[in-house]
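The block underneath contains the structure these notes are about, expressed in structure tokens.
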Amino acid sequence: MEGYASLFGEIYQARDMVMPGAFSASLKLRPVRRVPMLLQHDPSEPIGVWLELTEDVRGLYARGRLIP
């Protein structure tokens, strides 16, 4: 699976907006394999592994593999 996990400049349901640069420092500090893929941000519900997480001009691009 792959796509954008977050888009810059979009207003989300919680009425927040993510701006460019929001992920760059975290991505430099933590290897992609150490970022958990979770169901609905629930740490007790891991659902896969990330293979790539990168910030580009559009947002946070994510590519990963689900683990049944």
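Where residues in the stretch 21-66 are over 11 Å from the mean Cα position of the chain (by Cα) and acidic (Asp, Glu), which of them is nearest to Glu10 (Cα to Cα)? Looking at residues that are over 11 Å from the mean Cα position of the chain (by Cα) and acidic (Asp, Glu), I get Asp56.
Please enumerate the residues belonging to the stretch 1-12 that are surrounded by 10 or more Cβ atoms within 10 Å (Cβ to Cβ), without any contact (Cβ under 8 Å) to a residue 12 or more places away in the chain and either assigned to a strand (DSSP E or B) or hydroxyl-bearing (Ser, Thr, Tyr) (or both). Passing the criteria: only Tyr12.
Taken over the stretch 13-38, the criterion of being free of Cβ contacts under 8 Å to residues at least 12 places away in the same chain and open to solvent by 80 Å² or more (accessible area, probe 1.4 Å) is satisfied by Gln13, Ala14, Arg15, Met17, Met19, Lys28, Leu29, Arg30, Arg34.
The values are calculated or read from the model by the stated rules, or taken from the named source; none is laboratory data. Keep in mind that what you see is a predicted model, and the values were worked out from it rather than measured. We place every Cβ from the backbone using ideal geometry, glycine too, and count neighbours over all the protein chains shown. Note: areas computed on protein heavy atoms with side chains; ligands, DNA, RNA excluded. Shrake-Rupley method; radii C 1.70, N 1.55, O 1.52, S 1.80 Å.
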